[in-house]
Amino acid sequence: MGSDLDIVIPVYNEGRNILPTVDALSKHLAEPFRILICYDRDDDDTLIALKDYQAANCEIRFVKNRGEGAIGAVVTGFNDSTASVVLMIPADDDYNAPRLNEMICKMREGCDIVAPSRFMRGGCMVGCPWLKATLVRIAAATLYYLAGMPTHDPTNGFRFFSRRVLDRIPIESTVGFAYSLELLVKCHRLGWPIAEVPAEWYERKAGTSRFKVIKWVPQYLKWFAYGFATTFLFRPASSVKLKPAPSPTAMSGHH
């Protein structure tokens, strides 16, 4: 099945969550797509849950993490993706699928990032632990209102990326989901188009979150400062180090 939409889902024993999420994607997405299930261990119960899964508009591929931790799984998925539009979505998000077609349309119109936002009208964040909620809201408000970042929710890992972003912008982050903020602030400095749409977020019903606030904060602060430097220190687009452009043949599916 050919598709021009890849969905990267990092997993760690998400057997109780993954089927409702994949079912929701299959039900609501208007075009064929491929899911890259990025896992760490061969005994991960997510693989068992999806072993015999079939859907007419969905191809599932299992990709073993070639790095370490959550970011290793995500980057492995990005490196194995080939579509012009790539979505990273959590394994337990079975509620935002009805919003995805609108986001895909924005990507097809030429956006390089579409950022689902919990903190704009129509979005929500429910049941989040107080420390994580406080840090995320403070970072979001300061980057949006003071640094001029074009999204109310800059740290959300749930996000659409263009092939150009994944091919040209190197990911330097090494922990958690800091890569998502990193790609956002670099894309903003480059002046590449970014859009946002409202999204929901609910504390997971099953399994354990891999979000480690204290361990991840230093790298988030690095990219937080990078976003402010773009606005207040007038850092130019030329200061962003890019990977060499792919050959014209490889670029044939890009926008």
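All other residues whose Cβ lies under 10 angstrom from that of THR230 are scored, Lys and Arg at +1 and Asp and Glu at -1, for a net of +3.
Within the chain, DSSP assigns beta bridges of which about 25% are antiparallel (rounded to the nearest 5).
Basic side chains Lys and Arg get +1 at the Cβ, acidic Asp and Glu get -1 at the Cβ, and with that the dipole of the chain about its Cα centre reaches some 860 debye.
Bridgeable lysines around LYS243 (alpha carbons under 18 Å apart, same-chain partners fewer than 8 residues away excluded): LYS186. Semi-axes of the equivalent ellipsoid of the chain are 27, 22, 18 Å, computed as sqrt(5λ) over the eigenvalues of the C-alpha gyration tensor in descending order. The residue among GLY191, ASN57, ASN79 whose Cα reaches farthest toward the positive pole of the charge dipole of the chain, with charges on the beta-carbon of Lys, Arg, Asp and Glu, is GLY191.
Taking the number of Cβ atoms within 10 Å of each Cβ as an exposure proxy, the fewest-first ranking of ILE113, ILE9, ILE169 is ILE169, ILE113, ILE9.
Positive-end ranking of GLY67, LEU166, ILE138 along the dipole of segment 5-239, with charges on Cβ about the Cα centre, is headed by ILE138.
When ILE71, ILE35, ILE171 are ordered from fewest to most other Cβ atoms inside 10 Å of their Cβ, what list results? Could the numbers behind the result be given before it?
Values: ILE71 23, ILE35 28, ILE171 18.
So the residues, fewest neighbours to most, are ILE171, ILE71, ILE35.
Read the figures in this text as sums done on the coordinates, not as results from a lab. Note that this is a predicted model, so its numbers are computed, not measured. We place every Cβ from the backbone using ideal geometry, glycine too, and count neighbours over all the protein chains shown.
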